[in-house]
Amino acid sequence: MSHELIRAEALRVALPDTTRKRPFRRAPLISILHGVDFHIRAGEAVGIVGESGSGKTTLGRALLRLLEPTGGRVLFEGQDITHANEAALRPLRARMTMIFQNPLSALNPRRTIAASVAAPLVARGEAGNVRQKVLRALDRSGLPARFAGRYPHQLSGGQRQRVGIARAIVTEPAFILADEIVSGLDVSTQAQILDLLRELRRDMGLALAFITHDLSVVRVLCERVVVMHQGRIVEEGPCADLFATPRAAYTRRLLAAIPLPELDEGWLDAEAEDAAEQG
């Protein structure tokens, strides 16, 4: 069995509630995550699913320490990084990377594709073989070398997302967080990106956290799925088990919202079951 790569223990995150900010006063904090326990093993693909506002993106960003937790802790390869400063995190940034939802806003419009993909290497102070590594990452992501000199506006949405993937893998990471990366793509392009991620996982031994609201996407990519609701994990387990016998009424409601013909939706009466669980 593969070793544990990343773990969250009783993880809590609170963020400023900007809707209630008053002049000359700090915005009050609102709790987003409420004591989440979560782990990913090396080479494992885990889906993190839930509706908007469920806390799934906050969990992902806290795992990468793009947000600092207000409680609990985060461990990466056994190292506690919960409150590590940027100097301590810098060596780890090459090992854990992120693919963003909107590649157009994530890419600098004034930079060539090569410069964008090379940015993580430059930030680490690498000088040798940068071009070779960039071209290798583009090739792995399904983009020809001639794209290196182009700019983001010259690419399609699917091509831009491949650039985002190339930038994420150029440092040969162990863990990638993918946040809703196929939600803005057409169905055929979604399938191509998912196939690419499967190939990269196999060839590079990547661990993947795939954040999405779409359980049908998780089903074709991930071995395990975590269902979040209101900042808590309400259910988790192997994909096959969760799709066959979901335990939580909230999970059944998510499944019923997705057109999956092979699922029997007759067991779903979410409102009645929610009332029964609360009563």
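The values are calculated or read from the model by the stated rules, or taken from the named source; none is laboratory data. Just so it is clear, the model here is predicted, and its values are computed rather than measured. Positions of Cβ are backbone-derived with ideal geometry, glycine not excepted, and every protein chain shown enters the neighbour counts.
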- How many of the residues in the range 46-59 are among the small types (G, A, S), at negative phi and either surrounded by fewer than 23 Cβ atoms within 10 Å (Cβ to Cβ) or modelled with pLDDT under 95 (or both)? 2
- Answer yes or no as to whether V187 is touching a helix residue (DSSP H, G or I) at 6+ places or on another chain (Cβ under 9 Å) and of a type outside the set (F, W, Y). no
- Message: Give me the strands (runs of 3 or more DSSP E) completely within the range 130-249, filtered to those with at least 2 residues that are among the charged types (D, E, K, R) and over 21 Å from R93 (Cβ atoms), ordered by residue number.
- Response: 232-238
- Task: Of the numbered conditions (1) in contact with a Ser or Thr (Cβ under 8 Å, 6 or more places away or on another chain); (2) loosely packed, with under 15 Cβ neighbours inside 10 Å; (3) modelled with pLDDT of 95 or more, D37 fails exactly one; give the number of that condition.
- Result: (1)
- Take Q79 and decide whether it is of a type outside the set (K, R), farther than 17 Å from G35 by Cβ and within 18 Å of the chain's Cα centre (by Cα). no
- Within the range 55-77, work out how many residues are in a loop (DSSP other than H, G, I, E, B), of a type outside the set (G, A, S) and over 10 Å from A8 (Cβ atoms). 7
- Item | Residue list for the range 199-242, restricted to those being β-branched (V, I, T) and surrounded by 16 or more Cβ atoms within 10 Å (Cβ to Cβ) | I211, T212, V217, V218, V225, V226, V227, I233, V234
- Of (1) at pLDDT below 95; (2) assigned to a helix (DSSP H, G or I); (3) small (G, A, S); (4) touching a Ser or Thr at 6+ places or on another chain (Cβ under 9 Å), A88 fails just (4)
- Looking at the range 91-111, which of the residues that are in contact with a Lys or Arg (Cβ under 9 Å, 6 or more places away or on another chain) and more than 13 Å from I181 (Cβ to Cβ) is modelled with the lowest pLDDT? P91
- Message: among the aliphatic types (A, V, I, L, M), under 27 Å from R93 (Cβ atoms), under 14 Å from the mean Cα position of the chain (by Cα) and assigned to a strand (DSSP E or B): is that true of I6 in this structure?
- Response: yes
- Query: In the range 133-176, what residues are buried (at least 19 other Cβ atoms within 10 Å of the Cβ), of a type in the set (D, E, K, R) and touching a Ser or Thr at 6+ places or on another chain (Cβ under 7 Å)?
  - Reply: R162, R167
- Task: Scan the range 180-187 and give yes if some residue there is under 24 Å from D214 (Cβ atoms), of a type in the set (G, A, S) and either in contact with a Lys or Arg (Cβ under 7 Å, 6 or more places away or on another chain) or surrounded by 17 or more Cβ atoms within 10 Å (Cβ to Cβ) (or both), otherwise no.
- Result: no
- Message: Looking only at the range 30-54, count every residue that is closer than 22 Å to E4 by Cβ, of a type outside the set (A, V, I, L, M) and either assigned to a loop (DSSP other than H, G, I, E, B) or in contact (Cβ under 8 Å) with a residue 40 or more places away in the chain (or both) and tell me the total.
- Response: 7
